[in-house]
Amino acid sequence: MASILEVEHLRKSFGGIVAVDDVSFEVNEGEILGIIGPNGSGKSTLFNCVLGQYIPSSGVVRVDGRVTTGMRPSRLNRLGVSRTFQLLQVFPQLTVRDNLILAGQEHRGTMLTRLFARPDLGLGPQADRMIDLFRLSRVAGEKAGSLSYGQQKLLDAAMAFMAGPRLVLLDEPAGGVNLTMLGELRERLREINAREKATFVVIEHNMEFVMSLCTRILVLAEGRLIAEGSPAAIRADAKVIEAYLGN
Amino acid sequence: MALGLFALLLFWIVRSSWGRAFMALRENPVRAMSLGVDTRRYTLMAFAIGSSMAGFAGAVYAPLVQYIEPSSFNLGLSLNILLMTIVGGLGYFLGPLLGGLVAILGPEWLRAAQGYYLILYAILVMVMMAFCPQGLMGLYERLAKRLGAGAETRAADAATRERA
């Protein structure tokens, strides 16, 4: 299997604190990789380094074999790498539909051709598909800020898939989402993974969610990679249990 | 004429995909960037569009007064223009127009107060900032919503009474 994302010896320190310490891993095309670890273990920092939000102190990130270390997030996104954030990040003043169209528009044409094109740039049908897929049709015309937390979370995820990305990094997609919505989210992610061949990397605290969704799991503790394997292997790993529960 | 032309042009830009990107940029630049919005270029364009409007305003201002000198473009004027957008409502299409009306007509209305008009004006602006930071358009939107909600409750009440 070809790897779509390669991270080599990545290290990020803030002053004297090393948040991510010599982490290397690969993500294969089409897989759903989970990253778990206690709070403060460096998961989000790792994401931010991969996605260009932070510039790593050292190490290399490659997408499709191309070095992308320190590339601007907007450029990385146009290469087909998309993300969601740990804390809710939708545009509250825009409607649900406009949020989705925005999420796809920068992948169409150039800035100049976009100015003279139709306002929705022909993304209407794709936005409607996402609205259907994530069961948001009842609120499609509402401002995103008026949606419930769970619905905003679904919208957030839908936005990440709007441009048909090849690699999606989801930072705690299940955080604060109720059980029904959670099942919904898992089904949608599986569907997109199977149908559009999108590759996922998921950071999550909800063990049940990670274990049932992911095919392979990495475990971070204090900035280091301490384990890697199938959900069953991770569940049984002594080091993982120790990292979570202490001695 | 110029106002109408520019209003049309702006309306078109605001409705286009650029307008959406500008709004996204205002609400959440980090998220916008993660969705491929080139924040640097859009910010630059926003400045360019704003500045070109100001430049054009200057170009029509000169033949109007037939005499220009540097002192007519002092700090006070800059503040006044900034005030127009804030009083009218930041982020509303009609905000600056409304703010402009207030900033031009306000001193006229308050002429009776003579020398005190600036103080009165300042107090008005401060009260508005404290109670309605979204400006006059925001105030209008809030009132419209309240009236709309009131009408809805009344309609619902009437419907319940009818059933009973």
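Tabulated values for the structure
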{"quantity": "Unmet criterion (only one of (1) among the hydrophobic types (A, V, I, L, M, F, W, C); (2) within 12 Å of chain A (Cβ to nearest Cβ); (3) over 17 Å from the mean Cα position of the chain (by Cα)) for B:V65", "calculated": "(2)"}
{"quantity": "Near pairs, Cβ below 6 angstrom, 6+ apart or cross-chain, from the stretch B:10-23 (at the interface with chain A (Cβ under 9 Å from one of its Cβ atoms)) to any residue that is among the hydrophobic types (A, V, I, L, M, F, W, C) and in a helix (DSSP H, G or I)", "calculated": "B:S16/A:L115; B:W18/A:L115; B:G19/B:I13; B:R20/A:L102"}
{"quantity": "Qualifying positions in the stretch A:80-134 - modelled with pLDDT of 85 or more, surrounded by fewer than 19 Cβ atoms within 10 Å (Cβ to Cβ), over 18 Å from A:E196 (Cα atoms) and not polar (S, T, N, Q)", "calculated": "A:P92"}
{"quantity": "Criterion: within 19 Å of the chain's Cα centre (by Cα) and either part of a loop (DSSP other than H, G, I, E, B) or in the same structural domain as B:L3 (by TED's automatic domain parsing) (or both) - qualifying residue of B:A103, B:A57", "calculated": "B:A57"}
{"quantity": "Selection status of A:E208, more than 23 Å from A:G37 (Cβ to Cβ) and either among the acidic types (D, E) or in contact with a Cys (Cβ under 6 Å, 6 or more places away or on another chain) (or both)", "calculated": "no"}
{"quantity": "Residue match in the stretch B:25-45 (condition: modelled with pLDDT of 85 or more, out of contact with any Asp or Glu (no Cβ under 8 Å at 6 or more places or on another chain), farther than 21 Å from A:Q89 by Cβ and more than 10 Å from chain A (Cβ to nearest Cβ))", "calculated": "yes"}
{"quantity": "Selection from the stretch B:68-93 of residues that are surrounded by fewer than 14 Cβ atoms within 10 Å (Cβ to Cβ), of a type in the set (G, A, S) and within 22 Å of the chain's Cα centre (by Cα)", "calculated": "B:G76, B:S78"}
{"quantity": "Any chance A:S24 is more than 21 Å from A:A174 (Cβ to Cβ) and either among the small types (G, A, S) or in the same structural domain as A:L147 (by TED's automatic domain parsing) (or both)", "calculated": "yes"}
{"quantity": "Meets criteria (under 29 Å from B:W18 (Cα atoms), of a type outside the set (D, E) and under 18 Å from the mean Cα position of the chain (by Cα)) for A:L147", "calculated": "no"}
{"quantity": "Sole residue being more than 22 Å from A:D22 (Cβ to Cβ) and either within 15 Å of the chain's Cα centre (by Cα) or in a helix (DSSP H, G or I) (or both), chosen from A:S44, A:S82", "calculated": "A:S82"}
{"quantity": "Options A:L88, A:L112, A:L76: the member that is touching a residue at least 40 places away in the same chain (Cβ under 8 Å) and either in a helix (DSSP H, G or I) or under 14 Å from B:R31 (Cβ atoms) (or both)", "calculated": "A:L88"}
{"quantity": "Any chance B:V14 is surrounded by 12 or more Cβ atoms within 10 Å (Cβ to Cβ) and outside any helix (DSSP H, G or I)", "calculated": "no"}
{"quantity": "Extreme residue, nearest to A:P92 (Cα to Cα), among residues of the stretch A:141-158 that are in contact with a strand residue (DSSP E or B) (Cβ under 7 Å, 6 or more places away or on another chain) and surrounded by fewer than 16 Cβ atoms within 10 Å (Cβ to Cβ)", "calculated": "A:E142"}
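Results for (1) more than 30 Å from A:P165 (Cα to Cα); (2) in the same structural domain as B:V127 (by TED's automatic domain parsing); (3) touching a helix residue (DSSP H, G or I) at 6+ places or on another chain (Cβ under 9 Å), shown as yes or no for each residue.
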position: B:F22; (1), (2), (3): no, no, yes
position: B:M33; (1), (2), (3): no, no, yes
position: B:S51; (1), (2), (3): yes, no, no
position: B:S78; (1), (2), (3): yes, yes, no
position: B:R111; (1), (2), (3): yes, yes, yes
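The values are calculated or read from the model by the stated rules, or taken from the named source; none is laboratory data. Just so we're clear, the structure is a prediction, and the values are computed from it rather than from any experiment. Glycine also receives a Cβ, built like all others from the backbone with ideal geometry; neighbour counts cover every protein chain displayed.
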